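A.B. asks: Submitted below is the structure of interest, expressed as structure tokens.
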Amino acid sequence: MERTLAPVQATAPVAPRTGRAHFYPDVADAQWNDWKWQFRHRITKLEELEKFLPIPAGERALRADVLRDFRMGITPYYLSLVDADDPADPILRQVAPIAEEYLFRDVGEEDPLGEERYSPVPGITHRYPDRVLMVISNSCAIYCRYCTRKRIMYEDAVPDVEIDRMVDYIAKTPRVRDVIVSGGDPLTYGTKKLESILSKLRAIPHLEIIRIGSRVPVSLPQRIDDELCAMLAQYHPLWINVHFNHPRELTPDAAAACDKLSRAGIPLNNQSVLLKGVNDDVPTMRALCTGLMKMRVRPYYLYQCDQIRGAEHFRTPVAKGIEVIEGLRGHISGLAVPTFVIDAPGGGGKVPVMPQYLLQHDTKNQRVVLRNFQDRLFVYHEPTGRARSVGERSGELDVDATPPITAETTATNGNGASKAASHAGAPAKNGNGKSASTRSNGSAAARVGADGKPVVGKSRWVHRGHSREERVRKANET
Ligand code: SF4
């Protein structure tokens, strides 16, 4: 008997469960674009969040317990960035309490950076010689679960009298030439209140720079209106540090907010925090940094997550940050590469942590061995004041291992290792940053540098298949 196939049923396309249309289909534009409406309608209770996103059975009590320690706040706009189909959504993870936060509620510290130890008056932290942090607000549009200042987050505004004392301290401390106005989030204040503070600061003759730290362009971009920008533009030189963590936060609304601030003459720098499950991989950070550049926001710092209480599940090994930077440096514009820093516990300040590109510094022979982003090694001679012999030539060590410069050169795999390196036969890095490939290339193209000119070097320095240390050692023997 002849068998026939059942007709294929046409299925309606499934709409993505994200965006304003999914979460707030009935809210009119006038409300949605009103920052005060957004602020008033923040989700602050579990039962409100549950209307949009189910909470797994058995976790409700844990999450409620967590909220007794640290409040929740999610603007409707920020919620609209969440993918309701992804239980590990990186946007939601930043602002919603989860069971891991409960598990780690007693791990970490209240004030991991010792801000209060370096506080001459309440609200001021004076740790570096010429600049101070000034905390003028205890409130934010969203509350990030990993926030370093969880300990001060409650809804009350900082009393005016306290703010006046902070201003007074700066006025009486002539060595302070730079203030970082932070919180909480200063841009959650009304424009008049914020102006009253900025005008007092600007009246201090020795105070050169005012910086504002804000996550509002990320969480409440509607707040960046013309009135605010016109007011801020009167207090130059004024800079704003913003805080984008994930490329999905780079929305048209956020871009419009940043554009308004830029047009008011305000340079924008971004400070991200490296967060497990949010942005701890090279492709995500690359998309974030290049996307920020398109919005004229300079990636400034990538912070190692502080040892804050209840945030252990966000922390990554230090090696992860180094791997991320290694996957950026050389692969995208240097302007787009942030500095990876660890804020030293207890008040040591920011310590930059870099991948190692200077492999050897031979002070006797006045030469250094350098590694580039493709893991190629180069000798550079320092000035000696005398002519160098042929054996002292600068240039590439193992020129035959040089991969051709192709479009792939700019791509990296998930480990931050160069795809071009593995495709073209140059040593690809394994998880330890050691040379792993032994395949030879030796093509003519492999001897051409990024500028199209032959690279300087000697093919007798070919040591593929050896560790980086071994390659340096053998180079020194030649
Ligand atoms: S916006 Fe900034 S200050 Fe506010 S909770 Fe997030 S990280 Fe903390």
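The values are calculated or read from the model by the stated rules, or taken from the named source; none is laboratory data. Since the structure is predicted, the reported quantities are computational estimates derived from the model, not experimental observations. Positions of Cβ are backbone-derived with ideal geometry, glycine not excepted, and every protein chain shown enters the neighbour counts. Accessible surface is based on the protein model in full, side chains and every heavy atom, while ligands, DNA and RNA are left aside. Shrake-Rupley method; radii C 1.70, N 1.55, O 1.52, S 1.80 Å.
A.B. asks: How many residues are within 15 Å of the ligand (Cβ to nearest atom) and either modelled with pLDDT under 95 or open to solvent by less than 10 Å² (accessible area, probe 1.4 Å) (or both) when one looks only at the range 186-217?
C.D. replies: 6
A.B. asks: For the structure I just gave you, tell me whether ARG105 is at pLDDT 95 or above, out of contact with any Pro (no Cβ under 8 Å at 6 or more places or on another chain), more than 16 Å from the ligand (Cβ to nearest atom) and assigned by TED's automatic domain parsing to the domain that holds GLU50.
C.D. replies: No: the conditions fail for ARG105.
A.B. asks: For the range 65-76, which residues satisfy the criterion of being within 14 Å of the ligand (Cβ to nearest atom) and either over 14 Å from GLU48 (Cβ atoms) or open to solvent by less than 10 Å² (accessible area, probe 1.4 Å) (or both)?
C.D. replies: ASP69, PHE70, MET72, GLY73, ILE74, THR75
Conditions (1) within 22 Å of GLU326 (Cα to Cα); (2) of a type in the set (D, E, K, R); (3) modelled with pLDDT under 95; (4) open to solvent by 10 Å² or more (accessible area, probe 1.4 Å), marked per residue:
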| position | (1), (2), (3), (4) |
| --- | --- |
| SER219 | no, no, no, no |
| ARG223 | no, yes, no, no |
| LEU238 | no, no, no, no |
| PHE244 | yes, no, no, no |
| ARG263 | no, yes, no, yes |
| ILE266 | no, no, no, no |
| GLN271 | yes, no, no, yes |
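A.B. asks: Exactly one of (1) out of contact with any strand residue (DSSP E or B) (no Cβ under 8 Å at 6 or more places or on another chain); (2) away from the ligand (no atom under 16 Å from the Cβ); (3) in contact (Cβ under 8 Å) with a residue 12 or more places away in the chain is unmet by HIS246. Its number?
C.D. replies: (2)
A.B. asks: Also, quick follow-up: Somewhere in the range 336-356, is a residue part of a helix (DSSP H, G or I), within 30 Å of ARG63 (Cα to Cα) and in contact with a strand residue (DSSP E or B) (Cβ under 9 Å, 6 or more places away or on another chain)?
C.D. replies: no
A.B. asks: Hey, among TYR154, TYR118, which residue is within 16 Å of the ligand (Cβ to nearest atom) and surrounded by fewer than 18 Cβ atoms within 10 Å (Cβ to Cβ)?
C.D. replies: On inspection, the qualifying residue turns out to be TYR154.
A.B. asks: Keeping to the range 124-138, report how many residues are farther than 20 Å from ARG71 by Cβ and open to solvent by less than 40 Å² (accessible area, probe 1.4 Å).
C.D. replies: 7
A.B. asks: Given the condition within 16 Å of the ligand (Cβ to nearest atom) and out of contact with any Ser or Thr (no Cβ under 6 Å at 6 or more places or on another chain), answer yes or no: does some residue in the range 168-181 qualify?
C.D. replies: yes
Conditions (1) in contact (Cβ under 8 Å) with a residue 24 or more places away in the chain; (2) of a type in the set (Lys, Arg); (3) farther than 29 Å from HIS246 by Cα, marked per residue:
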{"position": "PRO112", "(1), (2), (3)": "yes, no, no"}
{"position": "GLU116", "(1), (2), (3)": "no, no, yes"}
{"position": "ILE124", "(1), (2), (3)": "yes, no, yes"}
{"position": "ASP130", "(1), (2), (3)": "yes, no, yes"}
{"position": "CYS140", "(1), (2), (3)": "yes, no, no"}
{"position": "LYS150", "(1), (2), (3)": "yes, yes, no"}
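A.B. asks: OK, next. Please name all residue pairs, on different chains or six or more residues apart, with Cβ atoms under 7 Å, provided the first residue is in the range 83-103 and is free of Cβ contacts under 8 Å to residues at least 12 places away in the same chain and the second residue is buried (at least 20 other Cβ atoms within 10 Å of the Cβ).
C.D. replies: Close Cβ pairs satisfying both conditions: ASP89/VAL82.
A.B. asks: Here's a follow-up. Of the residues that make up the range 298-306, is at least one open to solvent by 10 Å² or more (accessible area, probe 1.4 Å) and within 24 Å of VAL66 (Cα to Cα)?
C.D. replies: yes
A.B. asks: Within the range 92-99, identify whether any single residue is assigned by TED's automatic domain parsing to the domain that holds LEU49, buried (at least 19 other Cβ atoms within 10 Å of the Cβ), of a type in the set (S, T, N, Q) and within 13 Å of the ligand (Cβ to nearest atom), and answer yes or no.
C.D. replies: Within the range 92-99 (the criterion being assigned by TED's automatic domain parsing to the domain that holds LEU49, buried (at least 19 other Cβ atoms within 10 Å of the Cβ), of a type in the set (S, T, N, Q) and within 13 Å of the ligand (Cβ to nearest atom)), the answer is yes, since at least one residue qualifies.
A.B. asks: Now, a different point. Return the total of residues in the range 191-245 being of a type outside the set (Lys, Arg) and either closer than 14 Å to ASP178 by Cα or under 22 Å from the mean Cα position of the chain (by Cα) (or both).
C.D. replies: Going through the range 191-245 one residue at a time, the tally reaches 31.
A.B. asks: Would you confirm, using the coordinates I've provided, whether LEU288 is assigned to a strand (DSSP E or B), open to solvent by less than 10 Å² (accessible area, probe 1.4 Å) and farther than 16 Å from PRO112 by Cβ?
C.D. replies: no
A.B. asks: Can you tell me which residues in the range 45-64 are acidic (Asp, Glu) and touching a helix residue (DSSP H, G or I) at 6+ places or on another chain (Cβ under 6 Å)? Outline the logic, then answer.
C.D. replies: Quick first cut of the range 45-64, residues acidic (Asp, Glu) only: 47-48, 50, 59.
The one that is acidic (Asp, Glu) and touching a helix residue (DSSP H, G or I) at 6+ places or on another chain (Cβ under 6 Å): GLU59.
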